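Where a number appears in this text, it was derived from the coordinates with a stated rule and is not lab data. Note that this is a predicted model, so its numbers are computed, not measured. Please note: Cβ atoms are built from the backbone with ideal geometry, for glycine as well, and neighbour counts cover all protein chains shown.
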Amino acid sequence: MLLNYKYFAKVYYAIAILVLIILTGTIGFMIVEGWSFFDSFYMTIITVSTVGFNEVHELSDFGKFFTSVLIITSFGTFAYAISAITSYIVGGEYKQYFQEYKSLKTAEKMENHTIVCGFGRVGKQAAHDLNFYKKSHVVIERNTEITENQEFSDVPFIKGDSTDDQTLIKANIKEATALITALPKDADNLFVVLSARELNPKLKIISRASSYSSMRKLRIAGADNVIMPDTVGGAHMASLVVTPDVMEFFDLIKVSGKAAVNLEEISFKDLPDDFKYTTIGELEEKSQSGCNVIGYRDENGEYTINPDPDMKIMPNAKLFVLGNPEQIKKFNTVIGIA
């Protein structure tokens, strides 16, 4: 597993300084005074720590000179090393290491998860909704002010640059089913799309775009869907003026949400064998949940609104089911995908 060891750099450096000082003093006293290893080690410790104990043995003139040099050269560095180690432990810096370690181990074990690249306004909302829907996901973010913010301590961050293939590999992209790239620059999103498509050809890729010219390029690069947040937001606000009641009704419809009306999609492959190749009417009758199949997408990607009850459910098809939370839950339970 690849891991960022920057959190250990300072403490490693501090420990190296301590070891160097102690070894220098110990070997020095053994050579200059001819003392045993233990006496030389003890003398070095009480000297560099300035505790003020008496000498182990009486020092020769050269021994006093060596001790003076040891004090002068080690006083500041010894204090720095102790301070660095103390701040690492007391200041909680080690927690950042374990948080990243935990995220990486979690990502290693994930399958069929979603990778969110970028934790800005769009990425944050995407991660929030994925968490709300209990969909496994990891977030790639390079801004340490965000990843180390305790407010987001429950977010499974992978710290690094999304445009780096190694960072995507850390997020276990080969086992992921979807990737959302919500970086602020279209060029970066384009690079992520290219890398992700190469690493996992079957991955569903959704990209953010800031301009219409970028949308075409992102689709050519391999993005399945390209979203322009500003355009979507503007269109939604305009629709609230033109058809306010319709839009308010749409706002009530949430996927696996807690609103009064839920809309859920069900794939052919998710259906038990007993429900495959049946008609929509038979499915609704067998489930007895009160849900309504309001949409059907066939294997060619063609949509049918309010499909006929006699329409058969064929391979690679998808059903769009509408109902309240209790009805959706009962429907999923009956067909065995809850």
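How big is the charge dipole of the chain about its Cα centre, in debye rounded to the nearest 20, if each Lys and Arg gets +1 on its Cβ and each Asp and Glu gets -1 on its Cβ? Present the calculation step by step, with values, prior to reporting the outcome.
On the way: 33 positive and 41 negative charges, 64 e Å.
Charge dipole of the chain: 300 debye, to the nearest 20.
For the chain, averaging the sequence separation of C-alpha pairs within contact (under 8 Å, six or more residues apart) and dividing by the residue count gives a relative contact order of 10 percent. Convex hull volume per residue, computed on the Cα atoms of the stretch 6-90, equals 87 Å³.
Taking a 23 Å limit on the Cα-Cα distance, which of the listed pairs LYS109/LYS318; LYS134/LYS204; LYS105/LYS134; LYS286/LYS312; LYS134/LYS217; LYS134/LYS329 fall beyond it? Mind dumping the intermediate values first?
On the way: LYS109/LYS318 28 Å; LYS134/LYS204 18 Å; LYS105/LYS134 19 Å; LYS286/LYS312 14 Å; LYS134/LYS217 32 Å; LYS134/LYS329 15 Å.
Among LYS109/LYS318; LYS134/LYS204; LYS105/LYS134; LYS286/LYS312; LYS134/LYS217; LYS134/LYS329, the Cα-Cα distance tops 23 Å for LYS109/LYS318; LYS134/LYS217.
With respect to the chain, whose longest principal axis is taken over its alpha-carbon atoms, helix 121-132 is tilted by about 80°. A Gaussian network model of the chain, with springs between Cα atoms under 10 Å, assigns the largest mean-square fluctuation among HIS128, HIS57, HIS236 to HIS57. The convex hull drawn around the Cα atoms of the stretch 110-232, when projected onto a plane and averaged over every direction, covers 6.9 nm².
Positive end of the dipole of the chain (Cβ unit charges, origin at the Cα centre): among TYR42, LEU168, PRO325, the Cα lying farthest that way belongs to LEU168. Here the stretch 246-334 is treated as a sphere whose radius is the Kirkwood value from Cα pairs; by Stokes-Einstein at 25 °C and 0.890 mPa s it diffuses with a coefficient of 186 µm²/s.
Shape analysis of the chain places it in the prolate category; the axes a ≥ b ≥ c from the Cα gyration tensor give an a/c of at least 1.5, with a/b above b/c.
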